[in-house]
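Encoded as structure tokens, the structure appears first; notes follow it.
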Amino acid sequence: MDMPAQLVTSFIASAAFGLIFNVPRTALPQCGAVGMLGWLVYMMATELGMDEIPATLIAAFLVSVVSQLFSKLYKMPMIVFSVSGIIPLVPGGIAYDAMRNVVENQYDAAVQLSAKAFMISGAIAIGLVFSEVIGQMIKKSERRRQ
């Protein structure tokens, strides 16, 4: 699939999950934009030869940063944007393939895919937390200056 189609699909997926999670309708375009931006960074990083796990970490970090900015700009909780924006990065296909291999008694492939899905999920969590920690450190240092 070419890049523009993937970007449109990631935008729609993120906005649709925002709709499912009862995000205010006025914030759906921003939720889609956050997801699309995260997917764009992920795709660019993987096309440059980066492994999927660090690419996911960078993309999740960016999703969290943009979610923080949008939360201040639109006066909404950060989670409104970050949950919808992280959806394209979730390794659902890899987890599905891992379970399919378990059912087909191909345990070697199942363990490898499960480990990969677990590490990608961990990279998402670390990216979100890392961004939040850096944001808190910046806020704290700004308060000390004043």
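The values are calculated or read from the model by the stated rules, or taken from the named source; none is laboratory data. It should be emphasised that the depicted structure is a prediction, and the values quoted were computed from it without experimental measurement. Positions of Cβ are backbone-derived with ideal geometry, glycine not excepted, and every protein chain shown enters the neighbour counts. In case anyone asks, the SASA skips ligands and DNA or RNA and just uses the protein heavy atoms, side chains included. Shrake-Rupley method; radii C 1.70, N 1.55, O 1.52, S 1.80 Å.
Miscellaneous remarks
- Checking each residue in segment 25-49 for being open to solvent by 60 Å² or more (accessible area, probe 1.4 Å) and either in a loop (DSSP other than H, G, I, E, B) or closer than 16 Å to Ser82 by Cβ (or both) picks out Pro29, Met36, Leu37, Leu48, Gly49.
- The set of residues from segment 59-96 being more than 11 Å from Val34 (Cβ to Cβ), in a helix (DSSP H, G or I) and open to solvent by 80 Å² or more (accessible area, probe 1.4 Å) comprises Lys72, Leu73, Tyr74, Ile79, Tyr96.
- In segment 97-117 there is at least one residue that is surrounded by fewer than 22 Cβ atoms within 10 Å (Cβ to Cβ), within 17 Å of the chain's Cα centre (by Cα), more than 26 Å from Pro4 (Cα to Cα) and touching a residue at least 12 places away in the same chain (Cβ under 8 Å).
- Here Ala5 passes the criteria (1) within 16 Å of the chain's Cα centre (by Cα); (2) open to solvent by less than 40 Å² (accessible area, probe 1.4 Å) except the one numbered (1).
- Residue pairs whose Cβ atoms lie under 8 Å apart, sitting 6 or more positions apart in sequence or on different chains, and linking a residue in segment 65-85 that is over 13 Å from Phe21 (Cβ atoms) to a partner that is modelled with pLDDT of 90 or more and outside any helix (DSSP H, G or I), are Phe70/Met76; Ser71/Pro77.
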